[in-house]
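A short write-up of the structure that comes next.
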Amino acid sequence: MFVKGESKADRTLRVDRIMERLDLSYGSEPPIFLKSSNAWQLLFATILSAQCTDERVNKVTEKLFKKYKDLKAFAEADIKELEEDIRPTGFYHNKAKNIKACAGELISRFSGMVPDTIEELTSLPGVGRKTGNLILGHVYNKNAIVVDTHVKRVSNRLGLADSTDPEETEYQLNETVPEEYWIRWNTHIISLGRSHCKSANPDCEGCFVKDLCPSCGKEEILQATRAGATGGKSRRAKSNM
């Protein structure tokens with residue numbers, strides 16, 4: 001839900017306040033939850049992360065990337081063997097098929113390099129906008145918003161999106177969240193979603209952005225938004241210099 005009667009300027013100030021607190025809690029450098037040593041490993045790890053926890057994916061890839069040391073090894077892998085190697089991540093039939101095909105296309109179409117545009121990334125087997133945007137942000141440092149289940153849920157509760165569709169949520173966040181925040185919006189909101197803003201029984205009282213969140217039923221959002229507004233505007237201005 002969007003905040004009724006909130007101007008674009010006040011919304012931007014509210015996002016400044018939210019991001020300031022997220023940075024204080026989680027740091028200003030976005031972490032990478034999936035372990036990898038290069039771009040294609042992060043790409044494959046992200047494919048494996050669909051409907052699976054990062055912790056489990058990291059356990060699987062620790063052995064997987066030692067066994068399959070390069071793209072050629074994945075492209076030539078026995079599909080049944082690869083399925084067994086990634087079975088703990090779930091949906092292993094499709095994931096194995098996509099990873100094997102993706103490795104082959106990276107070799108044949110991109111000379112073994114992971115592409116750096118969303119159009120080329122999403123043309124690869126098993127790669128959607130979520131995975132593509134993650135690669136753009138964390139590998140190529142290109143501003144992109146990654147929408148997973150946490151980002152969709154929490155962004156909607158914060159009144160910065162109003163959609164159950166991940167792609168539509170991404171486009172809405174492109175409008176409501178300043179571009180310089182896009183990369184770390186994903187990791188910060190995931191952290192908030194795991195710690196406080198859970199799908200069931202969210203800890204609104206313990207949340208450090210509750211006064212800025214319309215879902216908490218607070219009436220002081222505008223006051224909290226404008227508190228220290230000058231500091232927020234100068235803070236963002238410095239980040240753009």
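So for the pair CYS216, SER111, with labels modelled 7 Å out along Cα→Cβ, what separation do we get in nm?
Simple spin-label model gives 5.2 nm for this pair.
Greater than 19 Å separation of Cα atoms is the criterion. Which listed pairs, LYS35/LYS130; LYS69/LYS100; LYS72/LYS97; LYS63/LYS95; LYS72/LYS95, meet it?
Pairs exceeding 19 Å: none.
Report the gain in length on full extension from THR53 to LYS198: 0.36 nm times residue separation, minus Cα-Cα distance, nm rounded to one decimal.
Residue separation times 0.36 nm, minus the Cα-Cα distance, leaves 50.7 nm.
Taking LYS210 as the anchor, which aspartates and glutamates have their alpha carbon closer than 19 Å to its alpha carbon, excluding any fewer than eight residues away along the same chain?
Answer for LYS210, where 19 Å is the Cα cut-off: GLU6, ASP10, ASP16, GLU20, ASP23, ASP162, GLU219, GLU220, listed by chain and number.
Which net charge results when you count Lys and Arg as +1 and Asp and Glu as -1 among the other residues whose beta-carbon is under 14 Å from that of ASN58?
+2
Quick one: if you take sqrt(5λ) for each eigenvalue of the C-alpha gyration tensor of region 9-96, what semi-axes come out, biggest first, whole angstrom?
Three semi-axes, in Å: 35, 13, 11.
First select every other residue whose beta carbon is under 15 angstrom from the beta carbon of LYS198; then total the charges, Lys and Arg +1, Asp and Glu -1.
Neighbourhood net charge equals +2.
Which shape class, rounded, prolate or oblate, goes with region 1-40 when its Cα gyration tensor gives a ≥ b ≥ c as root eigenvalues, a/c under 1.5 marks rounded, and past that a/b bigger than b/c marks prolate?
Prolate, because a/c is 1.5 or more and a/b exceeds b/c.
Using a 7 Å offset from the Cα along the Cα-to-Cβ direction at both ILE32 and ILE79, what is the distance between the two label points in nm, to one decimal?
That separation, rounded to one decimal, is 3.0 nm.
Grab the DSSP H runs of the chain that are 4 residues or longer, score each as -39,500 (n - 2.57), total them, divide by all residues and round the 222 nm result to the nearest 500 deg cm²/dmol. Before the final figure, lay out each step's value.
Details: 13 runs with 140 residues, N = 241.
So the calculated ellipticity at 222 nm is -17500 deg cm²/dmol.
Rounded to the nearest 0.05, what FRET efficiency do ASN174 and HIS93 have when you use their Cβ-Cβ distance and R0 = 35 Å?
0.55
Name the shape class, rounded, prolate or oblate, that the alpha-carbon gyration tensor gives for region 39-138, where a ≥ b ≥ c are the square roots of its eigenvalues, rounded holds for a/c under 1.5, and otherwise prolate holds if a/b is larger than b/c and oblate otherwise.
Taking the square roots of the gyration eigenvalues as a ≥ b ≥ c, region 39-138 is oblate.
Each reported figure results from applying straightforward, stated rules to the coordinates on display, with no laboratory input. Remember, it's a predicted structure, so these values are computed and weren't measured experimentally. Neighbour counts run over all protein chains shown; Cβ positions are idealised from the backbone, glycine included.
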